[in-house]
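The values are calculated or read from the model by the stated rules, or taken from the named source; none is laboratory data. What you see is a predicted model, and the numbers here were worked out from it, not measured in a lab. Because the Cβ atoms are built from the backbone with ideal geometry, glycine has one as well, and the counts that use them run over all protein chains shown.
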Amino acid sequence: MKYRETAVITEQQKIATDIYSMWLQTERIAGEAVPGQFLSVYSRDESRMLPRPISICQVDQRRGRIRLVYRIAGKGTKEFSGYGTGDTLEIVGPLGNGFPLDKGYEKVLLIGGGIGIPPMVELSERLSGEKLIVVGYRNSELFLKEELERNGELYLASEDGSVGTKGNVLDAIHGKKLSGQAIFACGPTPMLRALKTYAAEQGIDCYLSLEERMACGVGACLACVCHSMDIDAHTHVKNKRICKDGPVFAAGEIEL
């Protein structure tokens with residue numbers, strides 16, 4: 001079930017260049033959210049009618065809080081970054097379908113790239129079995145590193161070579177000879193495309209969380225579609241609505 005709430009910001013801080021961490025008090029959403037889902041966050045500026053979709057980083061069910069970690073990408077997220085403790089935001093959530101937690105894998109590769117790193121935090125906390133966490137950064141600003149290394153064996157890659165393996169997450173996987181029964185990933189499309197190919201070559205399961213601009217966030221406007229292998233019952237073409245049918249898909253369901 002999804003809820004629309006006026007959530008109170010209990011904490012916000014800048015954790016890297018243009019990257020912010022925000023905790024929201026929202027008991028009902030926190031009580032139902034699962035890793036891989038997202039919130040629609042509304043601007044107070046009436047000229048910006050559409051909400052901004054932001055993935056869930058952490059869920060504190062005991063205290064009824066949700067953590068969002070987001071990058072300033074435009075005027076809406078710039079606005080959000082200016083708020084502090086006690087301010088309120090209109091939100092809707094939890095939205096979308098999350099990662100499967102009941103597959104019984106004994107060893108999984110959790111892979112995040114850029115702003116696809118935040119969903120790996122809650123996923124790494126809730127997923128059972130051995131977790132090899134591979135994350136790709138632009139440089140040495142390692143946001144969420146401490147949270148991730150508490151929940152699994154952490155491997156780093158950086159574009160400029162300042163930390164970990166120089167290159168991308170696949171370079172780290174090959175360089176460290178990492179393997180698992182499945183891949184759970186979130187990040188930019190080129191990364192996900194490469195991981196889909198790699199998983200097929202290795203004959204392992206793969207679940208991908210797609211990053212896409214969204215409008216309504218509930219599947220009504222068809223602004224965030226991806227190509228699917230099967231005909232969608234809603235659109236009657238080979239499309240899937242990322243906000244409604246995803247954002248997490250089995251790699252074999254979609255074309256990238």
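Answer yes or no: is there a residue in the stretch 16-27 that is at pLDDT 95 or above, touching a helix residue (DSSP H, G or I) at 6+ places or on another chain (Cβ under 6 Å) and under 16 Å from Asn97 (Cβ atoms). No, the stretch 16-27 contains no residue that is at pLDDT 95 or above, touching a helix residue (DSSP H, G or I) at 6+ places or on another chain (Cβ under 6 Å) and under 16 Å from Asn97 (Cβ atoms).
Set side by side, the residues Val69, Val108 differ, and just one is over 24 Å from Gly31 (Cα atoms), among the aliphatic types (A, V, I, L, M), modelled with pLDDT of 95 or more and within 17 Å of the chain's Cα centre (by Cα), which is Val108. Figure legend. Inter-residue proximity from the stretch 1-13: first residues closer than 18 Å to Glu79 by Cβ and touching a residue at least 12 places away in the same chain (Cβ under 8 Å), second residues among the small types (Gly, Ala, Ser) and not in a strand (DSSP E or B), beta-carbon distance below 9 Å, spacing 6+ or different chains. Indicated pairs: Val8/Gly86; Ile9/Gly84; Ile9/Gly86; Glu11/Gly84; Gln12/Ser81; Gln12/Gly84. Against the list (1) assigned to a strand (DSSP E or B); (2) surrounded by fewer than 20 Cβ atoms within 10 Å (Cβ to Cβ), the condition Ile91 fails is (2).
Of the residues making up the stretch 110-148, those that are farther than 17 Å from Ala33 by Cα, in contact with a helix residue (DSSP H, G or I) (Cβ under 7 Å, 6 or more places away or on another chain) and among the small types (Gly, Ala, Ser) number 3.
Of the residues in the stretch 228-245, not one is touching a helix residue (DSSP H, G or I) at 6+ places or on another chain (Cβ under 8 Å), modelled with pLDDT of 90 or more and surrounded by 22 or more Cβ atoms within 10 Å (Cβ to Cβ). Among the residues here, Leu144 qualifies as in the same structural domain as Ile111 (by TED's automatic domain parsing), closer than 21 Å to Leu210 by Cα and either of a type outside the set (Gly, Ala, Ser) or crowded, with 21+ Cβ neighbours inside 10 Å (or both). Out of Ser47, Ser40, Ser21, one residue alone is of a type in the set (Ser, Thr, Tyr) and under 19 Å from Gly84 (Cβ atoms). It is Ser21. Considering only residues that are farther than 16 Å from Phe38 by Cα and among the aliphatic types (A, V, I, L, M), which ones fall in the stretch 184-214? Passing the criteria: Met191, Leu192, Ala194, Leu195, Ala199, Ala200, Ile204.
Per-residue answers, yes or no, for (1) at pLDDT below 95; (2) surrounded by fewer than 21 Cβ atoms within 10 Å (Cβ to Cβ); (3) β-branched (Val, Ile, Thr); (4) within 15 Å of Val108 (Cβ to Cβ):
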site: Asn139; (1), (2), (3), (4): no, yes, no, no
site: Ser162; (1), (2), (3), (4): no, yes, no, no
site: Val169; (1), (2), (3), (4): no, no, yes, yes
site: Ala172; (1), (2), (3), (4): no, no, no, no
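Within the stretch 45-69, the residues that satisfy the criterion of being outside any strand (DSSP E or B) and without any contact (Cβ under 8 Å) to a residue 40 or more places away in the chain are Asp45, Glu46, Ser47, Arg48, Met49, Gln61, Arg62, Arg63, Gly64. Do the conditions hold for Leu178, that is, is it at pLDDT 95 or above and surrounded by fewer than 21 Cβ atoms within 10 Å (Cβ to Cβ)? Taking the combined requirement at face value, the residue satisfies it.
Residue under question is Ile183, and the condition is that it be crowded, with 22+ Cβ neighbours inside 10 Å, modelled with pLDDT of 65 or more and under 27 Å from Lys2 (Cβ atoms); does it hold? Criteria not met by Ile183.
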